[in-house]
Amino acid sequence: MTGHSHSHQSDFNKVSAAGLLIALGIIYGDIGTSPLYVMKAIVGEGHQIQAPLILGGLSCVFWTITLQTTVKYVILTLRADNNGEGGIFALYALVRKRATWLYIPAIIGGSTLLADGIITPPISVASAIEGLRILYPSIDTIPIIIAILSGLFLLQAFGTKTVGRLFGPLMLLWFGMLAVLGVTHLVQMPQVLSALNPYYAWQLLTQYPDGFWILGAVFLCTTGAEALYSDLGHCGRGNIRVSWVFVKSCLLLNYFGQGAWLLSQVNQPLTHNPFYALMPEWFLLPGICIATLAAIIASQALISGSFTLIGEAMRLSFWPQSLVRYPTEVRGQLYIPSINWLLWTGCVVVVLYFRESSSMEAAYGLAITVTMLVTTILLSCYLYSQKFPIWVIGLFLLVYLSLEGSFLIANLDKFPHGGWVSVAIGFILASVMYIFIRAHQIKSRLLDFVSLPEQIPGLRELSNDITIPKYGTHLVFMTAAGSEDRIEKNAIESIFLHGPKRADIYWFIHVETLDEPYTKEYKINVLAAEDVIKITFRLGFRVEPTINLFFRQVLEDIVQKKEVDIISRYESLHNKKVTGDFTFIIFEPFLSYDNDLPVQEQVVMKGYFFLKQFTLSKQRWFQLEANRVTVEKVPMVIRPLPEMDLVRVEEPTPEKITAH
């Protein structure tokens, strides 16, 4: 086991040319396209260009990228891998046993990250396309932006395996272009490099009029940092750390190049995007095309990341069970139709509501600040679990809560100007997640389990009772009982009271979701030979629960080893060696009227059952064949109503009437 773990770690930290190219294509889209709008947001369109603002802004950008992206994410957070996987829910899975309340920050972080996924594609694509206005001042960019985004969302159903191969080389071209454009202007005004001195940042924040609020625009330079951690499983720690050195260099060269150009325009109003001002006129059209492709790749990364995030949320009971498809053989790539069209609708609404990328900047950044604060909290719990000295954890919390707290306060200035949009989206998503995890906790509290071995004599007796018609050869119950010798009372009542259900063999299947991402294990407990068998599947939180397929493989294994005989016991069929039929029993709870719930739990459970109408059934979630499934409705009584004071009224008997 140690050898396997050691080889996994060496593979995970290994650096290769192909791995570096994949990392460029997958994870740097969001942070890589930030030069399109950061300096423009810092100065403000139409505002006068001032030297202290440019030098202070550049200084803030340099130290934000260094402290926030390099130190926090590349050096520290990438350490917290969950069997090679990263992301907010992977981090939560690592620390959730430390404290029960940690699901709250995890929900907040996951929902704000998804809200960011709705705003990033429009702002990236809009910033790129608006460059066309330099060549065609009266062009209407909105139809072009919506067409590009719609095409991108339509492609999701087919997977991105083919176009994904182009992402790496295209992003290499993009970063190369950023560096060259930056250097050409930087050499003309090298004094802009004095902004590396943090004094300029301090001066901007403390002395420049409204300087502190500029942090809201500065923060846009690090919004894609979370993606470095989310895509850890796709690229490996080694490839991310090495490629980041190249990416950071190209980004900074471009930012300082834009700063050099801006310093040459001091005391003039900013009339167009400084990013495009770096380009010679003959290169504008190709430059806009490359920028658009980079923006599309950035959007693709966010969309794929949202699918992965929701997939994990479903396994952790944070999100309604939704249909998941796997369009390609690429590990970890999935497609969730409902989320795809939810994101598309959100993106189109954002484009139509804000219309301009400069207006979208107002909504952008506020949600992701919250995600980063949550990562800081969860990461400090992880560092504590790894026995880091308390003073190191304290220093980490002090630095990053202060830094991200400042960004959050500065971003709150955006709230009335469009920031409320991302907050509203995040709040709706967080409400859904909260309802589902709380409903899961309430249901778990309610589950009543009985000893399975104690039921075996009764099950055997029922199986051999020929006076009762056979319900099926094999009855398979999907059970929530994790313990090998426990079973829900509902299942036993279903067998003996609702039928009764006579069968040759009773199977009980439990699916356990593990904190590791890709585990696929099973255990068999033969409680009574040829009569009662329990199977536990132990699946990682990123493994699709295809129980039909898994169960078939288990059957082949145990039949081959002669552990059980699945041939039908009907005489005519047994002689012909015909395999018996399998019927799956699934319990579908509904909220009973006989409940006396506290108001908060009542709201949660009503919300849960309302949302459940639009979700995937257990049958489709476990991918069970429709002709072999029986769904039993079970009333859920969480807290019974108190006994009523009913008084029986005696009717007078005929004798009493006569006597009277």
### Query
Counting Lys and Arg as +1 and Asp and Glu as -1, each charge on the Cβ, what is the dipole of the chain about the Cα centre in debye, to the nearest 20?
1100 debye
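Starting from the Cα gyration tensor of the stretch 30-150, take the square roots of the eigenvalues, sort them a ≥ b ≥ c, and report rounded, prolate or oblate (rounded when a/c is under 1.5, otherwise prolate if a/b is larger than b/c, else oblate). Intermediate results must be reported in sequence, preceding the final value.
Values: a/c = 2.93, a/b = 1.64, b/c = 1.79.
Oblate.
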### Query
Put a dot 7 Å past each Cα toward the Cβ at Y353 and I524; how far apart are the dots in nm?
5.5 nm
### Summary
For K40, counting only aspartates and glutamates whose alpha-carbon sits under 18 Å away and dropping same-chain residues fewer than eight positions off, the answer is D30, E130, D210, E356, E361, D413
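Identify the chymotrypsin sites (Phe, Trp or Tyr not before Pro) of the stretch 170-229 meeting these criteria: DSSP loop state and at most 11 other C-beta atoms within 10 Å of the C-beta.
On the way: sites: W174, F175, Y199, Y200, W202, F212, W213, F219, Y229; in loops: none.
Taking the stretch 170-229 and a limit of 11 other Cβ atoms within 10 Å, no loop chymotrypsin sites (Phe, Trp or Tyr not before Pro) are found.
What do you get for chymotrypsin sites (Phe, Trp or Tyr not before Pro) in the stretch 512-597 restricted to DSSP loop and a cutoff of at most 13 other Cβ within 10 Å of the site's Cβ? All intermediate terms of the calculation are to be shown ahead of the outcome.
Values: sites: Y518, Y522, F537, F541, F550, F551, Y570, F582, F584, F587, F590, Y593; in loops: Y518, F541, Y570, Y593.
Hits after loop and neighbour filter: Y593.
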#### Entry: Portion, in percent, of the accessible area of the chain that falls on carbon or sulfur, probe 1.4 Å
62 percent
### Task
Compute the accessible area per residue over the chain, keeping the other protein chains in place, probe 1.4 Å, unit Å².
45 Å²
#### Entry: Percent RCO, i.e. relative contact order, over the chain, from Cα pairs under 8 Å lying at least 6 residues apart
18 percent
### Message
Using the basic label-point model (7 angstrom from Cα toward the beta carbon), what is the L573 to F590 distance in nanometres?
### Response
3.1 nm
### Message
For a test of the definition: using alpha carbon positions, the gyration tensor, and the 1.5 limit on a/c, classify the stretch 240-394 as rounded, prolate or oblate.
### Response
oblate
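If r is the Cβ-Cβ distance from Q265 to L395 and R0 is 56 Å, what FRET efficiency results, to the nearest 0.05?
Working: r = 41 Å, r/R0 = 0.73.
Taking R0 as 56 Å, the efficiency between Q265 and L395 is 0.85.
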### Message
Need one number for the chain: average projected area of the convex hull over its C-alpha atoms, nm².
### Response
41.5 nm²
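Looking at the stretch 421-554, what % of its DSSP beta bridges pair antiparallel, to the nearest 5?
On the way: 11 of 28 bridges.
The answer is about 40 percent antiparallel.
Which length gain, in nm to one decimal place, applies between K387 and K633 when the Cα-Cα distance is subtracted from 0.36 nm times their residue separation? Before the final figure, lay out the partial values.
On the way: separation 246, 0.36 × 246 = 88.56 nm, distance 4.82 nm.
Net length gain for the segment: 83.7 nm.
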### Query
Can you give the charge dipole size of the stretch 58-152 about its Cα centre, rounded to the nearest 20 debye, using +1 on the beta carbon of Lys and Arg and -1 on the beta carbon of Asp and Glu?
460 debye
### Cα gyration tensor category, rounded, prolate or oblate, for the stretch 164-241 with a/c compared to 1.5
oblate
## Note on the structure
If one compares the long axis through the Cα atoms of helix 452-464 with the longest principal axis of the Cα atoms of the chain, the angle in degrees, nearest 10, works out at 50 degrees
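Considering only the chain, what is the antiparallel percent among its DSSP beta bridges, to the nearest 5?
Working: 16 of 45 bridges.
Here the share of antiparallel DSSP bridges comes out near 35 percent.
Are there any trypsin sites (Lys or Arg not before Pro) in the stretch 351-439 that are in a DSSP loop and have at most 10 other Cβ atoms within 10 Å? List them by number. All intermediate terms of the calculation are to be shown ahead of the outcome.
On the way: sites: R355, K387, K414, R438; in loops: R355, K387, K414.
The qualifying sites are K387.
Evaluate E = 1/(1 + (r/R0)^6) for S150 and F614, where r is the Cβ-Cβ distance and R0 equals 22 Å; express this FRET efficiency to the nearest 0.05. Working shown, then result.
Working: r = 23 Å, r/R0 = 1.07.
The value I calculate is 0.40.
At R0 = 35 Å, how high is the FRET efficiency between I428 and D645 if r is their beta carbon distance? Nearest 0.05 is fine. Intermediate values should be presented prior to the final figure.
Numbers: r = 44 Å, r/R0 = 1.26.
The calculated FRET efficiency here is 0.20.
Taking the highest mean first, how do the peptides 419-432, 181-194, 279-292, 76-89 order by number of other beta carbon atoms within 10 angstrom per residue? Provide the component values of the computation, followed by the final result.
Working: 419-432: 19.5, 181-194: 17.0, 279-292: 15.3, 76-89: 21.8.
Highest-to-lowest ranking by the protection proxy: 76-89, 419-432, 181-194, 279-292.
Could you tell me which of the pairs K489/K561; K443/K534; K520/K561; K470/K612; K489/K576 are separated by over 29 angstrom between their Cα atoms in the structure shown?
Numbers: K489/K561 32 Å; K443/K534 22 Å; K520/K561 20 Å; K470/K612 33 Å; K489/K576 37 Å.
Result: K489/K561; K470/K612; K489/K576 exceed 29 Å.
In terms of solvent-accessible area of protein heavy atoms at a 1.4 angstrom probe, what is the ranking of D116, D581, highest value first? Provide the component values of the computation, followed by the final result.
Working: D116 5, D581 75 Å².
Largest accessible area first, the residues go D581, D116.
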#### Entry: lysines whose Cα lies under 25 Å from that of K387, excluding same-chain neighbours fewer than 8 positions away
K72, K97
### Query
What's the extension gain from H440 to T206 if we count 0.36 nm per residue and subtract their Cα-Cα distance?
79.4 nm
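The values are calculated or read from the model by the stated rules, or taken from the named source; none is laboratory data. Computed from a prediction, not measured in an experiment: that's the story for all the values here. Quick reminder, even Gly has a Cβ in these numbers, built from the backbone with ideal geometry, and neighbours come from all protein chains shown. For the accessible areas, the whole protein counts, side chains as well, though only heavy atoms, and no ligand, DNA or RNA atoms are used. Shrake-Rupley method; radii C 1.70, N 1.55, O 1.52, S 1.80 Å.
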